[in-house]
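Colleague: Take a look at the following structure, please.
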Amino acid sequence: MNVVSMVVNRLVWFVPTVLGLLAVVFVLARIVPTDPAVLAAGENATAEQVQEARERLALDRPLPEQFVEYLRQVVQGDLGTSFYTQQPIVDDLTERLPATLELTILGVLAAGLIGVPLGVISGLNRNSWLDHLLRLVSVLFIGVAPFWIAMQLQLLFSMQLGWLPLSGRIDDFAPEAMTGFLTIDALVAGDLQNFLSALRHIVLPTLTLALPGAAVIVRFTRTSVVEAVNSPSVAYQTAMGLPRRVIVWKYILRLALNSTVTQLGLVFGISLTGAVVIEAVFEWPGLGTYAVRSILHSDYNAVMGVTLCVGVLFALSNLLVDLLQMAIDPRGAT
Amino acid sequence: MATSRREILKLGLLGLASLAGNSESASAQSRNRFVFANSSAFDSLDPHTVFDQGRAAVRFNLYDGLLRFVDNPPKLIPWLAESYAVSDDGKTYTFKLRADATFHDGTPVTSADVAYSIERILALRKGPASFYLDLIEPGSTQTPDPHTVVFNLTDPSAIFLTTVPNILVVNSALVRSKEKDGDWGAGWLARNEAGTGSYILRRYEPAVGWSGQRFTNHFAGWAGQPIDEIEFRTVQETNTRVLGLMRGDFDGADGLTYEQIQRLRPSPNVQILEAESMRIFLLALNNSKPLMNDVHFRRALAYSFDYDGFIKNIMKDSVTRNPGPNPVTIWGSPPGLKGYSFDLAKAREELAQVKQPLRKISINALAGYSESEQAAVLFQSALRQIGIEADIDVTPWPVVASRFAKAETQADVTPVWRSTFYVDPNNWVGEGFGTRYHGTRTMSYYSNPAFDQLLDQALLTNDHERRRELYEQMSQIVSDDAAGIFIYNTRWFGPYSTRVSGIRFSPASNGNDIRWATMTR
Amino acid sequence: MNPLLEIDDLSLTFRTEKGPAHVLDSIDLTMVPGEVVGLVGESGSGKTSLARAILGVLPGAQAEIASGRVRLDGIDMLDDGKATRDARGRLVTFVPQDPFDSFNPLFGVGTQLADIVRYRAPPATGHRLARSRRAREAMILDMLAAVQLPASRDLLNRYPHQLSGGQRQRLMIAMALLPQPRMLIADEPTAALDVTVQVQILGLLRRIAAERTLAVLFTTHDLGAAWEICDRIIVMYAGQIAEILPRKAFFAAARHPYTRMLLASLPKPGHQAVGIPGESASPLAPPPGCRFNPRCPLASQMCRTVRPLPSRSEEGHLLACHHPLPTAS
């Protein structure tokens, strides 16, 4: 498959996927026993105002018609207004998106940096005590709830050792945003104090986010390393007497990475969903805290907006992973 | 090659070293800064639309009203107004403004700003507007001179004065310049500030919180060593608030349960301030539903709640019993009002007198509030002993609130709190049980002509002693009719850093009024 | 001539989950420089294990040397010392069965060749920067010509999947020659190729062996292929050497019943290939005596108890059989 047809294929699937996702959320939002018209009209609204809101939001029409109306607005880039913050959802989301992206991207990177070497070590020393230990630990991290990990990290690094901050994204408030990625913004601005502050704040959330992803990567990398170690090409190179370090760190690593990359989409998905919980624990001002707040306040416009946003992010990340895979595998996407 | 690699390594180690240093930032140490971990999110800073206790900090620190509530029990003190007068018919309130008050941008405060503010409240119809929508006609407020403002009420209202602190004054010239499509500057004021308050908004991020810097030219002046910088950070996760207090990241926090307060007590960084508050916990009954409209049935319910057991075992004796509809700390309850006790024998006697067929009743507990959920469960199991089945539904506050909006949708029983919106018994017994508040601030859909007559009189007269009698009678009626089941009055626990002193608690501000406090450096 | 390879009484056991597998039983073999020897047998006959033992790449965890030794130019190949490691891929190199799988699919073939040169080949002499990239490339391009491939960089930039089977196997041979070895082990090097390509590759191997005085040990189950290029042919059955024949005597002088059956099974014009009746002996429980006895029509009581020892029947011909057939006329 060439690049263009792959991208087209992804995009063709993307539309029904997002539509389905939206439809589910839309129906769920309407099952909630809160009258959205009352919420939209605001406190102290008169019956006429509630009725007016009901008509304006097309809430008096049949559900399918409402859904079509919602889609029409979405296509025009309008996700509606949050009942709670009274801001356009699009503004709320763009304000919070960089924080989540910064965390998620760093989390996936960290998961790779932790997971790949450990997976390689585990795979090379198959059935050694180290391998068993790593496998046990990775099962643990996959199984354990992220908020538990988060709290343990807080207790250890913030409370006991006092090395890292407990919560938040930066001391004080963020400097002027360019990218919205605080670490990058501060670095570009040459603001060392804010850079270090942002860096120190992001360590624990990143770690929490990275650990389950790293555990998944350890397992996949281990499997693919074992497969690579037993592959004919490695047997050949061994028989030809190539130094072990070259075989391992050049040829086996590359084989293992190739299959690890295919798992990055999955890891990104794990990280995005993990971010919802982790942001709440670390008070990270991103989409996760926004989603929690929106759900608690039955702010169903906002909930749909977040869902759409996360869905698009997830689809984009998968597309990116596919492209990456095509780029690094000379045989093309398989 | 080798050298550059070593350089990179060195840089990395340096970075690590500075990362692992003491995490308290330099700015927090050097400056006189108070950081509060707020359990609610500051999604908007508009003083005329946001009206919950959880976000009171904006109203008390960035804005001022004509009068101000301080201390406990609350006192109304002159603030932007230096004096006021009420006409004999109780419909005209005339306030004289201080001449020396200015907004943060230096503009003097005039009566036009006050008039603009009340018009804005009426137009936006949110938050405090419910106090005024039926009381003040748009455009009826007069400004005979720059320092005189006259409110003309459509009917006399004895509670108007206690709501005046909520008319927070905004800089009308500034807000007008930011108006868009007749929005009264709502878009702009949600994210900016145009007040006279003790602190000037420095930074605001809806997802993070806000910070303010002391307004040295504030009209009320400054005494002692006030705090120069305040920061209200949204920290929704309870555990993070607790840990942050212990660690010294936060100098204060709200929204903690009694158990968490107990957990904080041994911490050397934390002191716990306590005060009897004005926030009652009750089982709100929907008196309009079949069966629920039978006084004997309601009494049977009232005898079926284990008040002492709840306060002792679930609340760990952190609160005191509140037998009537008003908090015990405010006037308006008859002396010696006994209320109900846990007595299943009496409950069965009352139940025997019920004519209507029995049915399963609905309990709607508040999601995320363990006291509400536990009260529901405790009540359900006691009811089962007298042969009444109950379903428990747990929903978040907005759902509960929207159900309260209609008699048909309010659950039979809702374990819920009633906070201080203004300091007058009308806030509890009057609004909770008067027919005139159905669909707005009622908690009961209770309707009793005798009660309503007393309420009308109490709202019309400004004679305090007369009003006391009237509210005492109303409380007695509500209690006799078991129109609600009243459990306890909240005790306020304020966890603060040991560096903080001078927190001036009032049930209106919940301690969020920072201008009186001091921090040791 | 001094022998290059000396194998004495080599017995090898693999530990498996079902118990020890006796894959090689008392193998004796000697090869001199420049000699091309074919190792013929069914799968499971132990020919690949023997090849691995010479390369010194037996799976350490499972393989157990019950007896014997393998010496290549005086170096003990069963040892794990530095001399052995240095010899592997330098003194003796390897052409694998499946060139496609033996390349790493994610690297260009040029990279894989260059790594062989870099880590295994002796430095090119006469070049001022003998270890440089350019010197390596020059060596590789020369070698491409030697294996009759176009000496182009374009070929080196390709990935394994972009090449034909024949090209891949020529590259494998090039990689095996780059270290300038004295011995080359080719493990069924033509099994994965078309018939026409097979012939070309065999011809190439034969020519190179002659030009470079290179000893080649060539395993195959294809008697025809062996006969094409070998000086000597060793027939193995179930880990034992059945018969060793010089090339010229192969069809005429074979006397072991198994060799005869192999020859009989060769496809003849107009006939389908016929298999050998019965199943190959399991190395887990090899029959006592001559391992071929259960399938041998001539087997006697002696064959079931006493292992026949290889004996020299005439010049260059060794035979391990109690009841050898008479020489075909």
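Colleague: (1) over 25 Å from the mean Cα position of the chain (by Cα); (2) of a type in the set (A, V, I, L, M, F, W, C); (3) part of a helix (DSSP H, G or I): which one isn't true of B:MET474, the others all being true?
Modeller: It fails just one condition, (1).
Colleague: Find all pairs meeting these conditions: Cβ atoms under 8 angstrom apart; at least six residues apart or on different chains; first residue within segment B:248-261 and away from every other protein chain (no Cβ under 14 Å); second residue in a loop (DSSP other than H, G, I, E, B) and among the hydroxyl-bearing types (Ser, Thr, Tyr).
Modeller: B:ASP254/B:SER39; B:TYR258/B:SER318; B:ILE261/B:SER318
Colleague: Okay, moving on. Give, as residue ranges, the helices (runs of 4 or more DSSP H) completely inside segment B:1-93 that count at least 3 residues that are modelled with pLDDT of 85 or more.
Modeller: Where helices (runs of 4 or more DSSP H) fall fully within segment B:1-93 and carry at least 3 residues being modelled with pLDDT of 85 or more, they are B:56-61.
Colleague: Is there a residue being within 14 Å of another protein chain (Cβ to nearest Cβ), more than 19 Å from the chain's Cα centre (by Cα) and in contact (Cβ under 8 Å) with a residue 40 or more places away in the chain anywhere in segment C:172-182?
Modeller: No, every residue in segment C:172-182 fails to be within 14 Å of another protein chain (Cβ to nearest Cβ), more than 19 Å from the chain's Cα centre (by Cα) and in contact (Cβ under 8 Å) with a residue 40 or more places away in the chain.
Colleague: Answer yes if at least one residue in segment A:118-134 is within 13 Å of another protein chain (Cβ to nearest Cβ), among the aromatic types (Phe, Trp, Tyr) and assigned to a helix (DSSP H, G or I), and no otherwise. Before the answer, list the steps.
Modeller: Residues of segment A:118-134 within 13 Å of another protein chain (Cβ to nearest Cβ): A:125-128.
Now restrict to residues that are among the aromatic types (Phe, Trp, Tyr): none.
No, that holds for no residue.
Colleague: Do we have A:LEU296 as more than 14 Å from chain C (Cβ to nearest Cβ), aliphatic (A, V, I, L, M) and within 13 Å of the chain's Cα centre (by Cα) here?
Modeller: Criteria not met by A:LEU296.
Colleague: Still on this model: Identify, please: which residue in segment A:190-202 is part of a helix (DSSP H, G or I) and more than 7 Å from every other protein chain (Cβ to nearest Cβ) and is, among those, farthest from A:GLY168 (Cα to Cα)? Show your work before the answer.
Modeller: Initially, segment A:190-202 is screened for residues part of a helix (DSSP H, G or I), giving A:192-202.
Applying the additional criterion that residues be more than 7 Å from every other protein chain (Cβ to nearest Cβ) yields A:192-195, A:198, A:201-202.
Working: A:LEU192: 18, A:GLN193: 16, A:ASN194: 13, A:PHE195: 14, A:ALA198: 9, A:HIS201: 7, A:ILE202: 9 Å.
Looking at residues that are part of a helix (DSSP H, G or I) and more than 7 Å from every other protein chain (Cβ to nearest Cβ), I get A:LEU192.
Colleague: Taking segment C:62-118, which residues are in a helix (DSSP H, G or I), of a type in the set (S, T, N, Q) and over 23 Å from A:SER224 (Cβ atoms)? Reasoning before the result, please.
Modeller: Keep residues of segment C:62-118 that are in a helix (DSSP H, G or I), which gives C:82-87, C:99-102, C:109-118.
Those still in the list that are of a type in the set (S, T, N, Q) too: C:84, C:102, C:111-112.
Across segment C:62-118, the qualifying residue is only C:THR84.
Colleague: Now a separate question. Taking segment B:366-403, which residues are more than 12 Å from chain A (Cβ to nearest Cβ), closer than 20 Å to B:MET443 by Cα, open to solvent by less than 60 Å² (accessible area, probe 1.4 Å) and within 26 Å of the chain's Cα centre (by Cα)?
Modeller: The answer is B:GLU371, B:SER372, B:ALA375, B:ALA376.
Colleague: Considering only segment A:181-190, I want to know if a residue exists there that is in contact with a Leu (Cβ under 7 Å, 6 or more places away or on another chain) and open to solvent by 10 Å² or more (accessible area, probe 1.4 Å).
Modeller: Among the residues of segment A:181-190, at least one is in contact with a Leu (Cβ under 7 Å, 6 or more places away or on another chain) and open to solvent by 10 Å² or more (accessible area, probe 1.4 Å), which makes the answer yes.
Colleague: Could you look through segment A:212-249, keep only residues that are more than 10 Å from chain C (Cβ to nearest Cβ) and among the hydroxyl-bearing types (Ser, Thr, Tyr), and pick out the one that is nearest to C:SER102 (Cα to Cα)?
Modeller: A:SER224
Colleague: Looking at (1) within 13 Å of another protein chain (Cβ to nearest Cβ); (2) in contact (Cβ under 8 Å) with a residue 40 or more places away in the chain, can you tell me which one A:VAL312 breaks?
Modeller: Only one criterion is unmet by A:VAL312, namely (1).
Colleague: Being open to solvent by 70 Å² or more (accessible area, probe 1.4 Å) and closer than 27 Å to B:ASN72 by Cβ is the filter here; which residues of segment B:315-365 pass it?
Modeller: B:LYS316, B:ASP317, B:VAL328, B:PRO335, B:LYS338, listed by residue number.
Colleague: Just a yes or no: is a residue in segment A:206-217 open to solvent by 40 Å² or more (accessible area, probe 1.4 Å) and of a type in the set (A, V, I, L, M, F, W, C)?
Modeller: Scanning segment A:206-217, I find at least one residue that is open to solvent by 40 Å² or more (accessible area, probe 1.4 Å) and of a type in the set (A, V, I, L, M, F, W, C), so the answer is yes.
Colleague: Search segment B:45-62 for residues that are on the phi < 0 side of the Ramachandran plot and open to solvent by 10 Å² or more (accessible area, probe 1.4 Å) and pair each with any residue that is modelled with pLDDT under 95 and aliphatic (A, V, I, L, M) when their beta-carbon atoms are under 7 Å apart and the residues are at least 6 apart or on different chains.
Modeller: B:THR49/B:LEU124; B:VAL50/B:VAL58
Colleague: Oh, and also: Quick one: count up the residues across segment C:81-107 that are within 30 Å of A:ILE328 (Cβ to Cβ), facing another protein chain (nearest Cβ under 8 Å) and not hydroxyl-bearing (Ser, Thr, Tyr).
Modeller: The total comes to 10.
Colleague: Take B:GLY221 and tell me if it is within 14 Å of chain A (Cβ to nearest Cβ), out of contact with any Asp or Glu (no Cβ under 9 Å at 6 or more places or on another chain), assigned to a loop (DSSP other than H, G, I, E, B) and farther than 11 Å from A:LEU166 by Cα.
Modeller: No; evaluated as a whole, the condition is false for this residue.
Colleague: List the helices (runs of 4 or more DSSP H) that sit entirely inside segment B:109-179 and contain at least 2 residues that are modelled with pLDDT of 95 or more.
Modeller: Once the helices (runs of 4 or more DSSP H) in segment B:109-179 are filtered for at least 2 residues that are modelled with pLDDT of 95 or more, what remains is B:111-124, B:172-177.
Colleague: Can you name the residue in segment A:138-179 that is surrounded by fewer than 16 Cβ atoms within 10 Å (Cβ to Cβ) and assigned to a loop (DSSP other than H, G, I, E, B) and is also nearest to the chain's Cα centre (by Cα) among such residues? Working first, answer last.
Modeller: First, the residues of segment A:138-179 that are surrounded by fewer than 16 Cβ atoms within 10 Å (Cβ to Cβ): A:139-140, A:143-145, A:148, A:152, A:155-156, A:159-161, A:176-179.
So of that shortlist, the ones also assigned to a loop (DSSP other than H, G, I, E, B) come out as A:144-145, A:161, A:176-179.
On the way: A:VAL144: 18, A:ALA145: 16, A:LEU161: 29, A:GLU176: 25, A:ALA177: 21, A:MET178: 21, A:THR179: 18 Å.
If we take residues in segment A:138-179 being surrounded by fewer than 16 Cβ atoms within 10 Å (Cβ to Cβ) and assigned to a loop (DSSP other than H, G, I, E, B), then A:ALA145 is nearest to the chain's Cα centre (by Cα).
Colleague: Would you be able to say whether some residue in segment B:314-331 is in a helix (DSSP H, G or I) and at pLDDT below 95?
Modeller: Taking segment B:314-331 first, the residues in a helix (DSSP H, G or I) are B:314.
Next cut, at pLDDT below 95 only: B:314.
The answer is yes, given that some residue of segment B:314-331 is in a helix (DSSP H, G or I) and at pLDDT below 95.
The values are calculated or read from the model by the stated rules, or taken from the named source; none is laboratory data. These figures come from a predicted structure and were not determined experimentally. Neighbour counts run over all protein chains shown; Cβ positions are idealised from the backbone, glycine included. What goes into the accessible areas is simple: the full protein's heavy atoms, side chains included, and nothing from ligands, DNA or RNA. Shrake-Rupley method; radii C 1.70, N 1.55, O 1.52, S 1.80 Å.
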